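Below is one structure, written out as structure tokens; the observations come after it.
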């Protein structure tokens, strides 16, 4: 059974999940592009996922392996760093309401810049400041969303 490879099996499963997502999105109100309904994003996400899954399925069935497999994507992963970043994100989420978006995001980014792929202090602080300011500008100033202000009233 040369056709039964990990990519074949996972792409068939992903295709089934994509079909379910698209079906459930379609069952909700799709609306239009200018006035999307509650199922609009679900439906299109399901279709995009189905297209990508189909591409992987076709490639795996045609034997176009070329040394690439789903497992090769994770071959050189640094799982310790992945778990470290997940833990930092959990801490960020826990402190977000108390300290606010600006402070927690700034310090999260400084720690990430200094520890995951170590940068100098200037790059870390400036990068964290610019990224936090850009995120705040997009979400609060431009889109008008509310982010947790925490102990400081910013925005």
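Any read-out appearing in this document is the output of simple, stated calculations on the displayed coordinates, not a laboratory observation. On a predicted model such as this, the values are computed, not experimentally measured, just so you know. Every residue, glycine among them, receives a Cβ derived from its backbone with ideal geometry; neighbour counts consider all protein chains shown.
Worth a mention:
- Remark: 10, 132 ranked as 10, 132, counting other beta-carbon atoms within 10 Å and listing the fewest first.
- Relative contact order, percent, the chain [alpha-carbon distance under 8 Å, six or more residues apart]: 18
- At an R0 of 41 angstrom, the distance between the Cβ atoms of residue 44 and residue 121 translates into a FRET efficiency of 0.45.
- Angle in degrees between helix 101-115 and the longest Cα principal axis of the chain, rounded to the nearest 10: 70
- Projected label points at residue 54 and residue 35, each 7 Å from Cα along the beta carbon direction, are separated by 3.1 nanometres.
- Between helix 121-136 and the chain: long-axis angle, C-alpha atoms, 0 to 90°, nearest 10: 80
- The angle separating the long axis of helix 79-99 from the principal Cα axis of greatest extent in the chain is about 50 degrees.
- Whole-Å distance, taken between Cα centres, linking region 1-53 and region 110-154: 33
- Two-site label geometry, residue 13 and residue 94: point separation in nm, points 7 Å out along Cα→Cβ: 3.1
- Distance (nanometres) between label positions extended 7 Å along Cα→Cβ at residue 79 and residue 134: 3.3
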